[in-house]
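Have a look at the structure below, then the notes.
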Amino acid sequence: MRAALVAGLLAGYGVAVPVGAVGAYLVALTARTSLRTGACAALGVAAADGLYALLAAVGGGGLAPLLEPVARPLRIGSAVVLLALAARTAHTALRSRSGAAAGPEQPPPTPARAFLTLLGITLLNPLTVLYFAALVLGGGRDGATSDALARAVFVAAAFAASASWQLLLASGGALLGRALTGPRGRLLTALGSAALVAWLAVRLLVG
């Protein structure tokens, strides 16, 4: 059990710690809204990681040939969604700065909507399940994931590790939002985050 626990924690942090477009969007979303909304969004990312860890633990290497033909289309879809979110972030920030002339400001996303949005974006990345599948197969050779209980521990540990890191990112976003309380600071934060997410999404497209 200990081997499965350690393997799950390392796998969860391994897939979560590299901050890509999703992580950047999570920080920016929390800075613009609230810690509650950001925490729900963070759990959406972790839920996707946990689901992919479960699929990998159950399906193992059999998932790789099934996902390979659709990996590129899903990657493109993820990048397109992120580009749309970046554009919407910049548009909303510019509209709020222009005041009443731009019409009523759009309400921030609810915690439930933030959870579903980040869950959907993360699920569009098939490389995550391939990553977990490789680790499950590697662990299977030394008995770390050889039975159902060990696999359950692996999946739970991977989810917990991902959730803890994503919640840390959301907390950082909340602190950033408190520090930049003025309209100018929030505008610059929104535009900067939109540019960063767009750049990372383009890298995802051409990668």
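Rule-based calculations on the coordinates, nothing more; no lab input. Since the structure is predicted, the reported quantities are computational estimates derived from the model, not experimental observations. All Cβ positions, glycine included, derive from the backbone under ideal geometry; neighbour counts span all protein chains shown.
If I take R0 = 22 Å and measure r between the Cβ atoms of S164 and R36 in this structure, what FRET efficiency does the formula 1/(1 + (r/R0)^6) give, to the nearest 0.05? Using R0 = 22 Å, I get an efficiency of 0.80.
The ranking of R151, R36 by Cβ neighbour count inside 10 Å, starting from the fewest, reads R36, R151. With neighbours defined as other Cβ atoms within 10 Å of a residue's Cβ, the residues L118, L205 order from fewest to most as L205, L118.
Residues of region 1-36 with amide nitrogen under 18 Å from the 7 Å Cα-to-Cβ point of L149? Answer for this model: 1-8.
Exposure proxy for S193, S162: other Cβ atoms within 10 Å of each Cβ, ordered fewest to most, give S193, S162. Extending 7 Å from the Cα toward the beta-carbon at both L116 and A87 defines two label points whose distance is 2.2 nm. Note on A179 and L74: with the Förster distance fixed at 30 Å, the Cβ-Cβ geometry gives a FRET efficiency of about 0.25.
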